[in-house]
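Heads up, the thing below is written out as structure tokens.
The values are calculated or read from the model by the stated rules, or taken from the named source; none is laboratory data. Keep in mind the model is a prediction, meaning the values are calculated, not measured. Positions of Cβ are backbone-derived with ideal geometry, glycine not excepted, and every protein chain shown enters the neighbour counts.
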Amino acid sequence: MDLKTSHNSPVFVDPLPSLALPMTYTTPTSFPSSGLYLNTPKKKPLPSKIEEVRAAGWLDLMLASSPPRKRQSKDFLPHDVQADDLDLRYRNWMVNYPSALGSFEAITELARGKKLALFLDYDGTLSPIVDNPANAVMSDEMRAAVRHVASLFPTAIISGRSRDKVFDFVKLTELYYAGSHGMDIMGPIRKSESNGHHVECVRSTDSEGKEVNLFQPASEFLPMIAEVFENLSESIKDIEGARMEDNKFCVSVHYRNVAPHDYETVHQRVTAVLKDYPCLRLTHGRKFLKFALSLTGTRGKLWNFCLNRLD
Ligand SMILES: O=P(O)(O)OC[C@H]1O[C@H](O[C@H]2O[C@H](CO)[C@@H](O)[C@H](O)[C@H]2O)[C@H](O)[C@@H](O)[C@@H]1O
């Protein structure tokens with residue numbers, strides 16, 4: 001099947017989450033506006049070309065897709081940014097993205113007497129956000145904490161990274177790993193394991209010969225994803241700071257190190273390549289654009305796969 005043009009693709013589009021915009025790019029109805037921060041210093045008017053893109057909403061999504069850095073005492077501040085302005089921006093961000101630690105008692109009260117399973121994110125949760133994705137290593141202290149938690153509750157790590165990459169960072173064999181946003185799941189074999197009901201679930205052995213369960217519902221699309229990765233790599237190679245990342249069933253185009261005046265070019269190049277692949281969905285992340293297949297019901301299978309296998 002020629003997935004590039006076929007519109008009767010077996011891949012159906014889930015209802016898109018708020019940050020994911022349909023391939024038809026209808027202008028988002030809501031996105032963080034520059035008015036998000038109080039007392040925002042008057043900004044220089046943007047060149048009209050960027051204003052057009054801003055009107056389309058994509059630029060605001062890209063500019064606001066990551067929290068302002070929390071000011072560290074040692075940080076040098078650009079001459080036009082006041083220290084309290086950075087703190088204010090960070091506090092405003094936290095209003096929209098509150099930390100669970102602020103509600104820890106309420107969460108533990110809700111969990112009392114219930115059977116718990118823990119699902120953890122990786123980047124920005126178990127590892128700090130850094131400029132180069134390859135350097136997002138997890139500290140030994142954090143690894144010890146996750147190992148301890150996994151000894152108390154069945155624990156899974158769900159990430160946009162490929163499963164192999166996350167496992168290589170975390171290095172804990174007693175966990176479940178769901179890479180590529182759930183398109184690629186691995187879990188240790190349970191004693192009473194029976195995987196007959198997961199057609200995509202095959203037994204495999206890891207490097208130490210230990211059997212593990214694999215769930216990969218989209219393997220047949222890997223050649224197409226590899227083709228899009230190559231096309232995108234070629235298309236953005238002249239944009240300073242832009243970086244591709246292959247996450248097996250997902251591909252990320254990082255613009256964290258790209259100058260904001262080049263964001264529009266990043267977005268244009270990515271959408272120009274993806275317009276030939278109607279079965280792929282473009283979404284936003286923390287300073288990256290990501291495309292992935294959108295298989296109906298993957299999330300449900302992910303939870304079932306993990307929860308059915310958790311003690
Ligand atoms: O689902 P997650 O585990 O949170 O993965 C989401 C993305 O995380 C990574 O990118 C983010 O972290 C990088 C390293 O700190 C940072 O450089 C980048 O700007 C962040 O967006 C990962 O590289 C992506 O592929 C994941 O999709």
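For the range 123-173, residues that are within 13 Å of the ligand (Cβ to nearest atom), β-branched (Val, Ile, Thr) and assigned to a loop (DSSP other than H, G, I, E, B) total 4.
Kindly indicate the residue of the range 245-264 that is in a loop (DSSP other than H, G, I, E, B) and not aromatic (Phe, Trp, Tyr) and also nearest to the ligand (Cβ to nearest atom) among those meeting that condition.
Step one: filter the range 245-264 for residues in a loop (DSSP other than H, G, I, E, B), giving 248-249, 255-259.
With not aromatic (Phe, Trp, Tyr) added as a condition, the list becomes 248, 256-259.
Values: Lys248: 11, Arg256: 4, Asn257: 8, Val258: 11, Ala259: 15 Å.
Of everything passing the filter in the range 245-264, Arg256 is nearest to the ligand (Cβ to nearest atom).
When restricted to residues that are near the ligand (Cβ under 9 Å from one of its atoms) and either without any contact (Cβ under 8 Å) to a residue 24 or more places away in the chain or hydrophobic (A, V, I, L, M, F, W, C) (or both), the range 279-294 contains 1.
Would you check if Asp206 is modelled with pLDDT under 90, acidic (Asp, Glu) and crowded, with 22+ Cβ neighbours inside 10 Å? Steps first, please.
Working: modelled with pLDDT under 90: yes; acidic (Asp, Glu): yes; crowded, with 22+ Cβ neighbours inside 10 Å: no.
So Asp206 does not fit the description; no.
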